[in-house]
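What follows is a single structure, written as structure tokens, with notes after it.
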Amino acid sequence: MQVLPLAADSLGVRSMATLVQAGGQRVLIDPGVALAESRYGLAPSQEELKAREAAATTIVGALCQADAVVVTHYHDDHANLLRYVLCSTRVYLKTPVTPGERRYAQEALPRLQHGHPTIALADGSSAGLGKLSFDFSPPLPHGKPGAGAGSVMAVAVRSPEGCYVHAGDVQGPLSPSAMEWILRQRPDLLYLSGAPTYRLYYQAAAEGDTLTVQDVRQAKTNLLTIMKYTGCEVILDHYLTRDLNFRRLYQEVFATRRVRTAAAFLGQPERLLEARRRDGESREVATLVPRNPGRTYAAAHEADPFPPGIGRRERQGTAGRPISMAAATPVAPTAGARDLFVSNVSEAVELEGAS
Ligand SMILES: [Zn+2]
């Protein structure tokens, strides 16, 4: 069994797209890639945009050759390339539950169902494909129990060579139900998102969603418990690797030497592009291009509504009045600037605005 992460946060983009090859079958899990619209108040850097384009190309390429596709949930970074799936490919989907998931399903499913006899809502079921078998989890919390982010469907892929569990955004796992389901699968290799430590004490809309230090401790304990009782190797990535301090925060977990990021698993250097967005050229990009073309320059620069280069005198205006916010012209990105966001493949795969 070969497990190949195609794109990941440790490889520069938000994604957990993974190709599993075993028993002559190719299974693509989570065909999606995205970038944070805003991190540290900054738009994505050119390097991130290029990484997203490259990742989208890779994922769509793999999608065209896949025998089966699994979607663990409907967030863009897991599902926004699903529309490129071929009619001959089996598709296993999580049942859409939340209004957001249903909205996505309404758009994506009718198109998929056209000539798609092998589409299945798979939660809590099992399926076979040649020498492979799949066990799909019931809905597991996307983080803490009752999390506002909804739920995810984990999948165990089994072949005579072993068991791979793709647990997706269980965030640690933070919930007892996710831990128990993973434990029962007895994986040889487990791929999951770590706790979103970069959002520690970030005020979530729902009080219960706010991540505390105690939650992070629990997430680590849960993962170490899984490792202790199953002996599995772990790919730990996604939300955790959006934090530059992730190795220090997860010291005891990485000390086991059985846990690696997707990049390390592939033997590649880590590219924590989102976490490093404050460094280098990304700041210029943010200044140049409001991500949403509908946003005015003023809205994008709340702290300083005046375009750079306008001095104090100009700010006062010739009549001695301050220039009003409304007077700041909406910025139509220049042709060159627009290219930063809509470049060849990204445009072809309609990613613009999807992240
Ligand atoms: Zn995700």
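The values are calculated or read from the model by the stated rules, or taken from the named source; none is laboratory data. Bear in mind that the values here come from a model prediction, so they are computed numbers and not experimental data. Please note: Cβ atoms are built from the backbone with ideal geometry, for glycine as well, and neighbour counts cover all protein chains shown.
Structure notes:
- Any hit, the range 33-49, residues being without any contact (Cβ under 8 Å) to a residue 60 or more places away in the chain and not in a strand (DSSP E or B): no
- Residues (aliphatic (A, V, I, L, M) and within 16 Å of the ligand (Cβ to nearest atom)) located in the range 52-79: 55, 56, 59, 70, 71, 79
- Scanning the range 1-46 for residues that are of a type in the set (Ser, Thr, Tyr) and within 14 Å of the ligand (Cβ to nearest atom), we see that the one that is farthest from residue 267 (Cα to Cα) is 15.
- Scanning the range 8-32 for residues that are among the hydrophobic types (A, V, I, L, M, F, W, C) and in a helix (DSSP H, G or I) returns a single hit, 11.
- Counted residues, the range 120-134 - those being surrounded by 12 or more Cβ atoms within 10 Å (Cβ to Cβ) and not in a loop (DSSP other than H, G, I, E, B): 7
- Evaluation of residue 228 against the conditions (1) surrounded by 14 or more Cβ atoms within 10 Å (Cβ to Cβ); (2) at pLDDT 95 or above shows that the sole unmet condition is (1).
- Residues being more than 13 Å from the ligand (Cβ to nearest atom) and assigned to a helix (DSSP H, G or I) are represented in the range 154-177 by at least one member.
- Residue in the range 54-64 that is at pLDDT below 95, part of a loop (DSSP other than H, G, I, E, B) and surrounded by fewer than 24 Cβ atoms within 10 Å (Cβ to Cβ) present: no
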